Amino acid sequence: MTNAMIAGTIIACLAPLIGNFVLLKRIALISDTLAHLALIGVAIGLITHTQPFLVTILVTSIAAILIEKMRSQKKISEDTILALFLPGGLAIALILVSLSGGLNANLFDYLFGSITTISNAEIYQIAILAMIVIGLIAIFYKQLLFSSFDEEGAKVAGLPTKWLNYLLAVLIAVTVSLSMRIVGVLLVGALMVIPSVSAMRIAQSFKASLFWSVIFALIAVFGGLMAAFYFNLPAGSTIVLMSLVIFALVTARQN
Amino acid sequence: MTQKTLINLQEICFAYNQELILDHVSLRVEKGDFIGMIGPNGGGKTTLLKIILGLLKADSGHAEIQSKKIAYVAQHAGYKQHFLPISVEEVLQMTGAKESAIIQALAITNLSEKRERLLRDLSVGQQQRVFIARALLTQAEILILDEPTVGVDQQAQNQFYDLLRDLNQNHKLSIILVSHEIDLIAKEVKQIVCINKKLIYHGQAAALQDKKLLQKVFGTHQQLIPHHQH
């Protein structure tokens, strides 16, 4: 349970930070798409008996760069690109899973999350990569904000928007890969987006939105873990449901 | 005294899906110009702007942009941000400008009191002024605006054009403004550029009084309605 709390805290700080930029850029579905593509990494990891976690980061990062490259070419709309990648990734993953001998408990850990079985080694991996992602956000904060908020304006102002977009795409990919052990591939988008949406409803600046989204995610993770522990429920689901309860409360308070 | 040429476009052609959007368009913009660009929908105005901005590449011709300091206020720049909690000062801070410059830009655009307000809570006219303030912070020499006063009420429009005149005359900012509001353009700018795939006219704004010119640009009968009759 201690490892679960530590991993949950790290991801609760990381996922909504990226989620705010994802919403700002209006690409909320990219997290779900990359999460489905992450299954390819998991399947390759299971087949080759290598660490699925690292293979997944590689696969999702490559996919994120490809998605961004197609998006920047503006020949196909963004939602269509995601609609191509999401089932495509899932189809490849299912074939690989089938080749590896079918569904097993390991795969279910990634599909639905398994925060309570996270090892010390995984905690270190998550902590180091999360620090790198948060550090890069801090270093490139103004540029990422400008580029996500108004890409054309940022490009005209001389910012290297192409590289900033690739950077953000890889940061999203890494965050998805880190979060999937917590809430599972199927719910990872929710942990990134729902606390950010709740925060954006009450925040009086983007920085305030970043702050409140982390607070909401922390409440959701701790509340969800407690509920999972006492009622013997899957932690990923309780965390996401707790996020939705917070969203409902914030919305009700506003109305 | 010769004026400094900031933009020199020669024989620009651009096609999209095999349809010719710009057909051998040549245009010079000098320092201090205040140009209104008019033309029908699909006439190539926004495409020409994007070629000037470097967002699109011409299929042929030569685009020489002397000033690298161009700022762009897009059509409906603020509209799409209705859901997002971005404050006015955050829009300005993202340029990396110093605090003293931000204070000055807010003062010029008459937004000092709105500094901590959310962009989504401002009127359309105020939102456009925020983007102009941001343009000032990038040390722009040329300000390009695409349909900036769509959805802006009469009073805010007047304030907006007062601001543009001030920036042009007192801050030496060259301005290119695309608009469908021909009557406003005729009243507010010094020069006009009429585009309908080809460059139809580039000269004094007074030429807009000529019905034949408008007919040539828009292909149908158009009449200038004095602005105060709106």
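Things worth noting here:
- Residue that is farthest from the other protein chains (Cβ to nearest Cβ) [pool: residues in the range A:13-47 that are at pLDDT 85 or above and over 27 Å from A:GLU78 (Cα atoms)]: A:ILE44
- The condition of being modelled with pLDDT under 85, under 19 Å from A:TYR124 (Cβ atoms) and not small (Gly, Ala, Ser) holds for only one of A:THR2, A:THR9, A:THR56, that being A:THR2.
- Taken over the range A:129-150, the residue count meeting the criterion of being modelled with pLDDT of 95 or more and not in a helix (DSSP H, G or I) is 1.
- Selected residue (criterion: nearest to the other protein chains (Cβ to nearest Cβ)) from residues of the range A:199-226 that are buried (at least 21 other Cβ atoms within 10 Å of the Cβ) and of a type in the set (S, T, N, Q): A:SER209
- Listed by first and then second residue, the pairs with beta-carbon distance under 8 Å, at least 6 apart or on different chains, first residue in the range A:124-149 and in contact (Cβ under 8 Å) with a residue 12 or more places away in the chain and within 14 Å of A:LEU171 (Cα to Cα), second surrounded by 20 or more Cβ atoms within 10 Å (Cβ to Cβ) and of a type in the set (Ser, Thr, Tyr), are A:VAL133/A:THR175.
- Segments classed as helices (runs of 4 or more DSSP H), wholly inside the range B:39-153, with at least 2 members that are more than 10 Å from chain A (Cβ to nearest Cβ): B:45-53, B:99-108, B:124-137
- Of the helices (runs of 4 or more DSSP H) entirely within the range A:151-209, those holding at least 1 residues that are within 16 Å of the chain's Cα centre (by Cα) occupy A:161-183, A:188-202.
- Taken together, B:LYS31, B:LYS45, B:LYS50, B:LYS57 contain a single residue that is without any contact (Cβ under 8 Å) to a residue 12 or more places away in the chain and under 17 Å from the mean Cα position of the chain (by Cα), which is B:LYS50.
- For first residues located in the range A:84-99 and crowded, with 18+ Cβ neighbours inside 10 Å, partners that are of a type in the set (Gly, Ala, Ser) and lie 6+ apart or on another chain with Cβ distances below 6 Å form the pairs A:ALA93/A:ALA43; A:LEU96/A:ALA43; A:VAL97/A:ALA43.
Residue-by-condition table, conditions (1) hydrophobic (A, V, I, L, M, F, W, C); (2) modelled with pLDDT of 95 or more; (3) closer than 15 Å to A:LEU14 by Cβ:
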{"position": "A:ALA208", "(1), (2), (3)": "yes, yes, no"}
{"position": "A:GLY223", "(1), (2), (3)": "no, no, no"}
{"position": "A:TYR230", "(1), (2), (3)": "no, no, no"}
{"position": "A:LEU241", "(1), (2), (3)": "yes, no, no"}
{"position": "A:ARG253", "(1), (2), (3)": "no, no, no"}
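The values are calculated or read from the model by the stated rules, or taken from the named source; none is laboratory data. For clarity, every value in this text was computed on a predicted model and none was experimentally measured. Because the Cβ atoms are built from the backbone with ideal geometry, glycine has one as well, and the counts that use them run over all protein chains shown.
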